[in-house]
Amino acid sequence: MEIKIDTKKSIFENINEIYKKIKELKRKKEKILDVIREKERELLDIDKNLEIRKKIVEKKKEKKWYEKFRWMYTSNNFLIIAGKDAITNEILIRKYLEKNDLVFHTDIHGSPFGILKNGQSAQEKDIKEAAKFVASYSRAWKLKLSSVDVYYVYPDQVSKKAPAGMYLKKGSFMIYGTKNYIKTNLELSIGMKDFEIIVSLPEIINNITKTYVNIIPGDIKVLEIAKKIGNIFKIDYNYILPYLPGESYISFISNQ
């Protein structure tokens, strides 16, 4: 720092001027250090996000057979799987339906078929949770309904054989016999644990992870909701998009 002495001022006045300049330089130094610290934090966040993305990709490579569908585990650890579209509905019923399972569906066009594996051994609580899961991924969510009726039937009630003169599209099946109806509200939980995105229900998720959001049908666009959840989990919102059933509203956030 260049110091100039003003000969017209006293030595004390010159010293005060020097102190002022030193204080100003210290303030500038602190501002520069603040910027550096902020940039270091940003770089750290970027490194963390890259690490998280890497872990998520690694998790995706370890996919189990049912992860090509929508899925979750009920409170008592029963697996509920649901189709994503007509093709996966068809595959689900034709390939993975077994005699001890239960089949779930709604009467709303655009509903997925769901299978509760070993569902005939499940408790009423698990059956209700499976019904809510299937309902939440049905068209009822896009219609912004708060509740809907879901029915479940046994495997031998599901058939690809249509009555004479009737044609069944891919992903469609005939249901014969009595349907067991359950009225359920629509809500889902999306959580993050060990670099894995988890879909569950509000009554279950807290036992799995403390980092999650609960969503219900709403008016906020899917992309915006995905970005909000991505910010909460500190991950790219594109990882969230596939799990969202439609326009939503975040009803609760836990980010511990």
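The values are calculated or read from the model by the stated rules, or taken from the named source; none is laboratory data. These numbers were taken from a predicted model, which means no experiment stands behind them. Glycine also receives a Cβ, built like all others from the backbone with ideal geometry; neighbour counts cover every protein chain displayed.
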Problem - Of the criteria (1) more than 25 Å from the chain's Cα centre (by Cα); (2) surrounded by 24 or more Cβ atoms within 10 Å (Cβ to Cβ), which one ASN118 fails - result: (2)
Exercise for the section: Give the residues of segment 183-201 that are surrounded by fewer than 19 Cβ atoms within 10 Å (Cβ to Cβ) and at pLDDT 95 or above, sorted by residue number. Expected result: LYS183, ASN185
Problem - All positions within segment 188-206 that are in contact with a helix residue (DSSP H, G or I) (Cβ under 8 Å, 6 or more places away or on another chain), of a type outside the set (A, V, I, L, M), within 19 Å of ASN76 (Cα to Cα) and not in a strand (DSSP E or B) - result: GLU203
Completion exercise
Apart from one, (1) assigned to a strand (DSSP E or B); (2) within 12 Å of the chain's Cα centre (by Cα); (3) farther than 19 Å from ALA82 by Cβ all hold for ILE215; the odd one out is (3)
Handout entry: Residues of segment 227-256 satisfying the condition of being aromatic (Phe, Trp, Tyr) and under 17 Å from ASP194 (Cβ atoms)
Key = PHE233, TYR239, TYR243
Handout entry: Flag for VAL153 being under 21 Å from HIS109 (Cβ atoms) and either touching a Gly at 6+ places or on another chain (Cβ under 8 Å) or loosely packed, with under 13 Cβ neighbours inside 10 Å (or both)
Key = yes
Practice task
For SER138, indicate whether it is buried (at least 22 other Cβ atoms within 10 Å of the Cβ) and of a type in the set (Ser, Thr, Tyr).
Solution key: yes
Problem - Search result, residues across segment 239-249 that are over 15 Å from MET72 (Cα atoms) and either loosely packed, with under 15 Cβ neighbours inside 10 Å or over 11 Å from the mean Cα position of the chain (by Cα) (or both) - result: GLY246, GLU247, SER248, TYR249
Exercise for the section: Determine whether segment 243-251 contains at least one residue that is assigned to a helix (DSSP H, G or I) and not assigned by TED's automatic domain parsing to the domain that holds LEU97. Expected result: yes
Practice task
Go through segment 229-238 and give me each residue that's crowded, with 16+ Cβ neighbours inside 10 Å and either out of contact with any Gly (no Cβ under 7 Å at 6 or more places or on another chain) or outside any helix (DSSP H, G or I) (or both).
Solution key: ILE229, GLY230, ILE232, PHE233, ILE235
Fill in the blank from the handout: Filtering segment 57-80 for residues that are at pLDDT below 60 and surrounded by 17 or more Cβ atoms within 10 Å (Cβ to Cβ) leaves a count of 0
Problem - Members of segment 64-90 found to be in contact (Cβ under 8 Å) with a residue 12 or more places away in the chain, assigned to a helix (DSSP H, G or I) and among the charged types (D, E, K, R), listed by number - result: LYS68, GLU90
